[in-house]
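This report refers to the structure that appears directly beneath it.
The values are calculated or read from the model by the stated rules, or taken from the named source; none is laboratory data. Nothing here was measured: the structure is a model prediction, and the numbers come from that model. Counting neighbours? That spans all protein chains shown, and the Cβs are built from the backbone with ideal geometry, glycine included.
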Amino acid sequence: MTDFEYLEPEDTRAWVLHPELLNTPAPARRNAGNALEEAVALAAALPGLDVIGSEVVRVRDPRPGKLFGTGKSEELARSFKENEIELVLIDGPLTPVQQRNLEKDWKVKILDRTALILEIFSDRARTKEGVLQVEMAALSYQRTRLVRAWTHLERQRGGLGFVGGPGETQIEADRRAIDEAIVRIRRQLDKVVRTRELHRASRKKVPFPIVALVGYTNAGKSTLFNRVTGAKVMAKDMLFATLDPTMRSIELPDGPKIILSDTVGFISALPTELVAAFRATLEEVLSADLILHVRDISHPESADQAQDVRDILESLGVNEATPQIEVWNKIDQVDPEHRAQVISSAERAETVHAISAVTGEGIDALLATVTGMLSDPVHEDQFTLGFDQGRKRAWLFDEGLVVREDQTEAGFDLTVRWTDRQRRSFERL
């Protein structure tokens with residue numbers, strides 16, 4: 001027996017603020033209450049935080065130096081002191097100067113939306129690729145936080161820990177060190193990407209269609225993935241429960257064998273650093289034969305969330321040639337009065353399915369549609385490939401699609417038998 005009792009470290013006392021910028025045009029401004037609720041959920045997704053309070057702060061004229069007006073800033077400072085707050089999460093972007101000044105005035109640590117999401121991703125990343133991508137995104141973000149008045153920071157926010165004098169010389173040294181670290185991580189990521197490409201190439205030899213699940217974070221993708229595949233992927237009522245991509249092969253009822261891919265969830269105002277860093281993770285979406293866009297149809301901002309997802313897919317290079325099905329999930333959470341209307345709307349649309357990944361309702365009909373869209377009829381096409389299109393010609397032969405080939409002065413006249421899915425794969429080369 002020991003004479004002391006082990007004490008668990010106490011959670012950090014945190015407060016969440018959502019600045020509602022009143023000078024933003026109303027159509028582009030999110031509902032402040034819903035935005036605050038999402039910000040609190042983001043905070044809850046990070047272990048070790050105890051959210052003591054949260055509020056919407058209406059900001060008519062954002063101040064370049066402190067974002068908030070003097071009176072409101074002093075009022076918040078008193079509130080944080082009374083509640084012994086250690087960390088303030090601001091649901092929006094902060095400039096380095098604003099962050100420095102507010103930390104000095106409020107005497108707390110501050111994270112803006114980007115930094116909070118990076119912290120969550122850092123906590124969740126498990127695969128080597130995921131860890132590297134988070135590190136690169138964090139360094140890219142940190143590089144933008146290097147400001148001239150470095151000495152005022154007192155380096156209490158962690159920093160990189162490099163030795164050197166204050167001022168501009170220190171900033172240059174830090175920036176150079178960050179750039180070198182980014183280059184090093186990018187080289188490591190390139191190796192991981194090449195390995196993934198080899199895996200993808202080996203899958204092409206066994207031509208299973210790839211079906212990718214995409215959607216806003218916490219839309220229920222992992223729950224659907226588990227329901228369909230029988231896997232045990234982490235599925236919680238929590239933002240960013242899934243970070244690293246997961247793939248499983250399954251056989252569709254009365255249909256082909258497919259590879260189902262579960263991906264990281266998207267979120268509004270997703271930091272640009274993360275969009276770029278996670279491009280490799282989302283390559284499975286780019287090469288998918290079918291995309292299932294999972295929506296939380298019970299969420300009050302489901303339509304806005306869906307548009308955020310479409311915008312991010314477009315920025316990643318996913319084009320209209322890839323067929324998509326909208327999956328309206330969580331109908332078990334829709335009130336009975338509205339539920340009938342949702343199901344009726346889904347039934348009228350050709351590529352929309354209303355389901356519950358928890359109860360299983362609507363899953364069979366969804367899988368039947370997936371089977372139909374992937375079981376393409378075979379048809380014959382004729383076209384010419386130039387001598388400089390050897391890669392495309394080799395792919396056609398590797399896939400066993402060439403029925404006849406004649407060499408001419410212009411190149412190769414080909415007759416192929418293929419499905420629409422194979423034709424789309426060919427066009428993406």
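This table checks each residue for (1) outside any helix (DSSP H, G or I); (2) over 25 Å from the mean Cα position of the chain (by Cα); (3) outside the structural domain of HIS299 (by TED's automatic domain parsing).
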site: LEU36; (1), (2), (3): no, no, yes
site: ALA39; (1), (2), (3): no, no, yes
site: ALA43; (1), (2), (3): no, no, yes
site: LEU46; (1), (2), (3): yes, no, yes
site: VAL51; (1), (2), (3): yes, no, yes
site: ARG58; (1), (2), (3): yes, yes, yes
site: GLY65; (1), (2), (3): yes, yes, yes
site: LYS72; (1), (2), (3): no, yes, yes
site: LEU76; (1), (2), (3): no, yes, yes
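Does ILE85 meet the test of being part of a loop (DSSP other than H, G, I, E, B) and either within 22 Å of GLY265 (Cβ to Cβ) or of a type in the set (A, V, I, L, M) (or both)?
Numbers: part of a loop (DSSP other than H, G, I, E, B): yes; either within 22 Å of GLY265 (Cβ to Cβ) or of a type in the set (A, V, I, L, M) (or both): yes.
Yes: the conditions hold for ILE85.
Look through ASP289, ASP308 and report the one residue that is farther than 26 Å from SER140 by Cα, modelled with pLDDT under 90 and surrounded by 15 or more Cβ atoms within 10 Å (Cβ to Cβ). Please lay out each step first, then the result.
On the way: ASP308 fails: farther than 26 Å from SER140 by Cα.
After applying the criteria, what remains is ASP289.
Can you tell me which residue is farthest from LEU213 (Cα to Cα) among those in the stretch 244-265 that are crowded, with 18+ Cβ neighbours inside 10 Å and of a type in the set (Ser, Thr, Tyr)?
THR246
Restricting to the stretch 399-413, name every residue that is within 12 Å of PHE383 (Cβ to Cβ) and β-branched (Val, Ile, Thr).
The one that is within 12 Å of PHE383 (Cβ to Cβ) and β-branched (Val, Ile, Thr): VAL402.
Quick one: how many residues across the stretch 305-330 are more than 18 Å from the chain's Cα centre (by Cα) and either hydroxyl-bearing (Ser, Thr, Tyr) or not assigned by TED's automatic domain parsing to the domain that holds SER287 (or both)?
1
Go through the residues of the stretch 94-104 one by one and say whether even a single one is hydrophobic (A, V, I, L, M, F, W, C), within 27 Å of ALA181 (Cα to Cα) and not in a helix (DSSP H, G or I). Show your work before the answer.
Start the filter on the stretch 94-104 by keeping residues that are hydrophobic (A, V, I, L, M, F, W, C), which leaves 94, 97, 102.
If we keep only those that are within 27 Å of ALA181 (Cα to Cα) too, we end up with 94, 97.
Those left that are additionally not in a helix (DSSP H, G or I): 94.
Looking for residues that are hydrophobic (A, V, I, L, M, F, W, C), within 27 Å of ALA181 (Cα to Cα) and not in a helix (DSSP H, G or I), one finds at least one in the stretch 94-104, hence yes.
Run down PHE383, PHE412, PHE387 and say which single residue is outside the structural domain of LEU213 (by TED's automatic domain parsing), surrounded by 18 or more Cβ atoms within 10 Å (Cβ to Cβ) and at pLDDT 90 or above.
On the way: PHE383 fails: surrounded by 18 or more Cβ atoms within 10 Å (Cβ to Cβ); PHE387 fails: surrounded by 18 or more Cβ atoms within 10 Å (Cβ to Cβ).
Every option except PHE412 fails the conditions.
If the requirement is being modelled with pLDDT under 95 and under 17 Å from THR12 (Cβ atoms), which of these qualifies: ALA44, ALA125? It would help to see each step written out before you state the result.
Values: ALA125 fails: under 17 Å from THR12 (Cβ atoms).
Just one listed residue meets the conditions, ALA44.
Every residue in the stretch 366-380 that is loosely packed, with under 14 Cβ neighbours inside 10 Å and not charged (D, E, K, R), please.
We begin by selecting, within the stretch 366-380, every residue loosely packed, with under 14 Cβ neighbours inside 10 Å; these are 372, 377-380.
Passing the criteria: GLY372, PRO377, VAL378, HIS379.
Hey, among the residues in the stretch 317-357 that are under 16 Å from ASN226 (Cβ atoms) and in contact with a helix residue (DSSP H, G or I) (Cβ under 6 Å, 6 or more places away or on another chain), which one's surrounded by the fewest Cβ atoms within 10 Å (Cβ to Cβ)?
Within the stretch 317-357, the match that is surrounded by the fewest Cβ atoms within 10 Å (Cβ to Cβ) is SER356.
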